[in-house]
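Step one of this worksheet: look at the structure below.
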Amino acid sequence: MQVEEKSRTVGSLAGEPPETVLPPGVTDEADALPVRFDAVLQPRTTLGPRSFLLFMAVFGTINFIAGVAFVLIGSWPVFVLAALDILLVYYAYRMNFYASRRYETIRLTDEFLTVLRVSPSGQRRRTRFQPYWLQIQMDDPPQPDSALVLRSHGRELEIGKFLTPAEKLDLAAALTAELKRLNAGTRPDDGQLI
C-alpha cells in the first residue's frame, strides 16, 4: 500500500493504524472512493491581510503620536513602551495568522470516515474510523466548552476544537444524518436503497 510505505504510524492497534503521519503530497487510495460527506474545517481569523495592515497603520500612528507627545513633556520611557506595544500587537496578530493556517478535513465514504488534520507547519495526520460502529458525541444544547468527539472501538478523537458550539452542533447533526443514511444502506443523493 503506497500510503503506509511512505508514512509513519502513531499509536498501535491491530489492522488499520489509528493515526498516520503523512508526508506532503502523498495521496490515499480511499480518495478514489465515492464521497458521501466532505467538510473542511478552518479557524476564523480576526482580520484579513488588508484589514490587518490598516489596523497596524492606525494603531502604530496613534501610539507613535502619543509616544512623541510624552517625549516632548520629558517622559521618554513612555515612547519606548509605546513602541513595545506596537511590536507585541504585531506579533500577536502574526501568531494568529500562523495558527489559522491549520485545518481539518472530514471525509465519509462507504468504507471509512477519515479525519485529516493539517498543522500550520503543513504536517498532515490522518485518523480513520470504520463508519458502521462510529459514535458522534456532542452536548445538546451545546455549552461553550462542549467537545465534538468521534468514538469507535475504544478510540476517540475530538474534532473542530476551534469551532463555535453552534457550528460543532451543526456539524454533528449533518455527520450523524449521513452516517444514519450509510448504515441504512441508502445513497446520499436520492435516499433510494442500494
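The table that follows gives values for the structure above.
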read-out: Compactness relative to 2.2 N^0.38 Å, alpha carbon Rg of the range 104-150; value: 1.35
read-out: Over the range 81-194: Kirkwood hydrodynamic radius from C-alpha pairwise inverse distances, Å; value: 16.4 Å
read-out: Histogram of C-alpha separations across the range 34-74, 5 Å bin width, %; value: 5, 17, 12, 12, 10, 10, 8, 7, 5, 4, 4, 2, 2, 1, 0
read-out: Longest to shortest principal axis, alpha-carbon extents of the range 28-134, angstrom; value: 73, 21, 21
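Each value in this text was obtained by applying a stated rule to the coordinates, not by laboratory testing. Because the structure is predicted, anything quoted here is derived from the model rather than measured.
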